[in-house]
Amino acid sequence: MCVLLGCTGTLSSAEPGAGRRDGGGGAPDAAVSFDAGPGIDGGAGVDGGPGVDAGPGEVDAGPMGEDAGPCADVSCGANARCVPETGRCVCSEGFVDEGGACVAPAPGDPATRSAMEVCDAWRDGHVENASPVWEGDGTECGPGTLPREAIDDTLRRVNLFRWLAGLPPVTDDPGQHQGMMECAAIMSANGRLSHDPPMDWACWTSAGAGAAGSANIAWGYGSSAAAIDGYMADRNTPSLGHRRWILNEGLGRVGIGFSRVSSRPGQCLGVFGGGGPGSDRTWTAYPNPGPAPRALTQNDWSFHSHGVRMTSETGAIVERVSDGMELPVMTEQTGGFGPPPSVRIVPMGWSAEAGESYRVTITNLSGGEEISYVVDVIDC
């Protein structure tokens, strides 16, 4: 049995086989499984916006814990990293080379995409190239090292969900990685989750405990990338804290940690790194407007405000487009546990079907405004 610890105190058990690694060997599965999987905590347990980021600047993200080798004297620009095998700079996952600078492509309006475009992105986003997914150092509590490929797998997964929402990609922050690795080792060693692990926990370090306070944390997933699906599903987490941190408009850089110092892997994703390019979108939604993989629709839905003003009465109505039937939902505002302000939309007694469209109307916004969008459910 796997434990899910939420900031609201919810406990649950996971289905057998959940949390497995998706799409190994560099190729995606024909059909991607999307399950909350083993245990995840209740979201980064703080109110307010993310912490102050060190700023964009230059990064060198070679394999953690290894000699940088040819990269020792190489300085890459923003959103880029050095490849130790060649000593050359390449753009991080989610960024493209334009005239020698690594820039974020325009995310685009999710409602304007084709079903093929979305399914291609969904499958590509679930590719995992890292083998092994983690390398131990032979010590009981040593967090081990995370191959560069595993960092890229994790970034690819995070940026998939941000792309689906119409948000710009993030890059990784090497300055956070070691703390996140020690955080992951603490969660793995204890088989429990805490944003403030006590000093008597096995494998406790001050750096790891500090990192836990600014991270999404999980245990039981077979790889760092696989935990991202769990964060986005956010099952049994009423605050939707993990999803909201990942879909924070201002997120720019993330710390990534994954450790298997026990049979229960731990994962920590640092989500307080601001400095992102921002977006002109005033709201986003999960599942996204336009073509949306059916896997996203099987969890709680949500609406996220990046600019529109919600009131205490803001809620949601969901209609099935084919017959205009209003479907029963429970709605609530999520409160604290991180940005952005959001409305949780829980389907009551129904499940979205591929080939059907659903119109979501967000009601009672400031000034009496309403926002309406259509989710076209597709099988990918």
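The values are calculated or read from the model by the stated rules, or taken from the named source; none is laboratory data. Keep in mind it's a predicted model, so treat the numbers as computed, not measured. Here Cβ is always computed from backbone atoms with ideal geometry, including for glycine, and neighbour counts include all displayed protein chains. Remember, those area values only see protein heavy atoms, side chains included, never the ligands or the DNA or RNA. Shrake-Rupley method; radii C 1.70, N 1.55, O 1.52, S 1.80 Å.
Quick notes
- Rounded to 0.05, the FRET efficiency of the Ser206 and Glu326 pair, given R0 = 41 Å and the Cβ-Cβ distance, is 0.20.
- Note on Gln333 and Ser131: the model spin-label points, each 7 Å out from Cα along the C-beta direction, lie 5.0 nm apart.
- Two-site label geometry, Asp97 and Ala72: point separation in nm, points 7 Å out along Cα→Cβ: 2.5
- Summed side-chain charge close to Ser262 - residues other than Ser262 whose Cβ falls under 12 Å, Lys, Arg +1, Asp, Glu -1: +2
- Using a probe radius of 1.4 angstrom, the carbon and sulfur fraction of the accessible surface of the stretch 190-239 is 55%.
- Take the Cα of Glu369, step 7 Å toward its Cβ, do the same at Ile317, and the gap between the two points is 1.9 nm.
- Potential extension, Val90-Glu353 segment - 0.36 nm per residue separation minus Cα distance: 90.6 nm
- Accessible area of the stretch 282-346 belonging to carbon and sulfur atoms, whole % at 1.4 Å probe: 48
- Listed peptides 69-75, 224-230, 138-144 by packing density, highest first (mean Cβ within 10 Å): 224-230, 138-144, 69-75
- Take the Cα radius of gyration of the stretch 127-182 and divide it by 2.2 N^0.38 Å, N being the number of residues; the result is 1.30.
- Think of the stretch 191-327 as a dipole: +1 on every Lys or Arg Cβ, -1 on every Asp or Glu Cβ, centred on the Cα centre; then among Val321, Asn288, Ala225, Ala225 lies furthest on the positive end.
- Derived scalar couplings between HN and Hα for the stretch 238-252 equal x, 6, 6, x, 5, 4, 5, 5, 5, 9, 6, 4, x, 5, x Hz in order, rounded to whole Hz, by the Karplus curve 6.51 cos²θ - 1.76 cosθ + 1.60 (θ = phi - 60°), x for Gly and Pro.
- Surface exposure of the stretch 189-235, expressed per residue as accessible area with a 1.4 Å probe, stands at 29 Å².
- Across the accessible surface of the stretch 132-183, with the other protein chains kept in place and a 1.4 Å probe, carbon and sulfur atoms take up 53 percent.
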